[in-house]
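Q: If you scroll down you'll find the structure; I have some questions about it.
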Amino acid sequence: MEYTLLLTIFLLAVFVGFEIITKVPPTLHTPLMSGSNAISGITLVGALLTIKMDYGWFAQTLGFLAVVLATVNAVGGFMVTHRMLEMFRKKKG
């Protein structure tokens, strides 16, 4: 029963996230990406806590995967945001 509830919440979150992302105008993609980077930071902290606690090898493996994926998402998001912000800077000379 608990897994069914968790799966239902996950599927609803995927549906709501997809609907929100497809409705955002292109001018708001950069602020949305910055918010996504902050959420990845929260995911990273949670994954590190999961690895630290003794929930078994499966939870530690999932925590490790979450650390890797959240790090890639956060770093990539900051690089893309930085690149986009450079486009709005005035060039010297």
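The values are calculated or read from the model by the stated rules, or taken from the named source; none is laboratory data. Since we're looking at a predicted model, the values are computed, not measured. Here the Cβ positions follow ideal geometry from the backbone for every residue, glycine too, while neighbour counts run over all protein chains shown. Protein only, heavy atoms only, side chains kept; ligands, DNA and RNA dropped before computing areas. Shrake-Rupley method; radii C 1.70, N 1.55, O 1.52, S 1.80 Å.
Q: Using a 1.4 angstrom probe, figure out how much accessible area the chain has per residue, in square angstrom, rounded to the nearest whole. Can you show the working numbers first?
A: Numbers: 8010 Å² over 93 residues.
Ligands and nucleic acids excluded, the figure is 86 Å² per residue.
Q: Rounded to the nearest 0.05, what FRET efficiency is calculated for residue 80 and residue 19 with R0 set to 25 Å and r the Cβ-Cβ distance?
A: Details: r = 23 Å, r/R0 = 0.90.
Once rounded, the FRET efficiency stands at 0.65.
Q: Pull up the cross-link candidates among the aspartates and glutamates for residue 90, meaning alpha carbon to alpha carbon under 19 Å and not fewer than 8 places away within one chain.
A: Filter leaves no residues.
Q: When the Cα atoms of the chain are enclosed in a convex hull and the volume is divided per residue, what value in Å³ results? Please report the intermediate quantities before stating the final value.
A: Values: hull volume 9.5 nm³, N = 93.
Cα convex hull per residue, to the nearest whole number: 102 Å³.
Q: Continuing with the same structure: How large is the helix-only mean residue ellipticity at 222 nm for the chain, computed as the sum of -39500 (n - 2.57) over DSSP H runs with n ≥ 4, divided by its residue count, in deg cm²/dmol to the nearest 500? Can you show the working numbers first?
A: Numbers: 3 runs with 77 residues, N = 93.
Dividing the helical sum by the residues of the chain leaves -29500 deg cm²/dmol.
Q: Take the solvent-accessible surface of the protein heavy atoms, probe 1.4 Å, and return the percent of it on the chain that carbon and sulfur atoms account for.
A: Working: 6120 of 8010 Å².
Taking all protein chains in place, the chain shows 76 percent carbon and sulfur surface.
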